[in-house]
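Have a look at the structure below before the remarks.
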Amino acid sequence: MHSPRQSVVRTGIATGVLAVAVVLGGCTPGPAPTPTPTPLFTSEAEAFKAAEAVYREYTDAGNASRNGDSSAAPDKYLAGSALEDDIKARRDIKAAGLTVSGSLVVQSFSGTKYDPRGGSVAAIVCLGVGDTRVMNKDGQDVTPVGRPKVSAVAVEFARANKGAALMITRSESSSETCAASGS
């Protein structure tokens, strides 16, 4: 039979040997694996379809806002330079004493690029502007004479805060040619 002192010593030795075995045995965890980002879309066609839906929703919200719906929020579809440019354009129009009325129409949407790793999408949008008017503070129509009825716009979209939604991050005039149709 062992004395209590011998049992404590043997337990202490066993614990020490186990600790050394764990340290020397390489049981410490290695670096955590880096997760592979999940693509936002399963195909280029799906990415283009989602981007088109976002742009059409943005256009609808902009039309509603321009035509008096104070609850419309086209800005919620914008981020980055697209948001900054939109804010600046609205300030410039207001400072010049101008208002814009009427509705824009998405006549066509052509996806041009999809990056599955970053989730970004690029497209050319043909936007019907023929139903819009620019009015000065006296209520006179100062819409530029000879303005094309359809304008091409280069648009870029990116994943919103690494989330599942796309946002418009860049939008500028394009030299692409759009066929005039409708209004």
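Below are the figures for this structure:
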quantity: Residue match in the range 112-120 (condition: hydroxyl-bearing (Ser, Thr, Tyr) and in contact with a helix residue (DSSP H, G or I) (Cβ under 7 Å, 6 or more places away or on another chain)); calculated: yes
quantity: Check on Lys113, modelled with pLDDT of 95 or more, in a strand (DSSP E or B) and loosely packed, with under 14 Cβ neighbours inside 10 Å; calculated: yes
quantity: Filtered residues of the range 51-100 (kept if in a helix (DSSP H, G or I), surrounded by fewer than 13 Cβ atoms within 10 Å (Cβ to Cβ) and more than 21 Å from the chain's Cα centre (by Cα)); calculated: Arg91, Asp92, Lys94, Ala95
quantity: Looking only at the range 116-134, and only at residues there that are closer than 20 Å to Leu166 by Cα and loosely packed, with under 14 Cβ neighbours inside 10 Å, the one that is nearest to the chain's Cα centre (by Cα); calculated: Gly118
quantity: Residues that are modelled with pLDDT of 95 or more, within 20 Å of Cys126 (Cβ to Cβ) and not acidic (Asp, Glu), drawn from the range 53-77; calculated: Ala53, Val54, Tyr55, Arg56, Tyr58, Thr59, Ala61, Gly62, Asn63, Pro74, Tyr77
quantity: Verdict on Asp75 being farther than 18 Å from Ser173 by Cα and in contact with a helix residue (DSSP H, G or I) (Cβ under 9 Å, 6 or more places away or on another chain); calculated: yes
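So that you can scan it fast, the table gives a plain yes or no per residue for (1) more than 16 Å from Tyr77 (Cα to Cα); (2) among the charged types (D, E, K, R); (3) assigned to a loop (DSSP other than H, G, I, E, B); (4) touching a residue at least 40 places away in the same chain (Cβ under 8 Å):
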{"residue": "Arg117", "(1), (2), (3), (4)": "yes, yes, yes, yes"}
{"residue": "Cys126", "(1), (2), (3), (4)": "yes, no, no, yes"}
{"residue": "Lys137", "(1), (2), (3), (4)": "yes, yes, yes, yes"}
{"residue": "Val145", "(1), (2), (3), (4)": "yes, no, yes, no"}
{"residue": "Ala152", "(1), (2), (3), (4)": "yes, no, no, no"}
{"residue": "Val155", "(1), (2), (3), (4)": "no, no, no, yes"}
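The values are calculated or read from the model by the stated rules, or taken from the named source; none is laboratory data. Since the structure is predicted, the reported quantities are computational estimates derived from the model, not experimental observations. Virtual Cβ from ideal backbone geometry, glycine too; neighbours counted across all protein chains shown.
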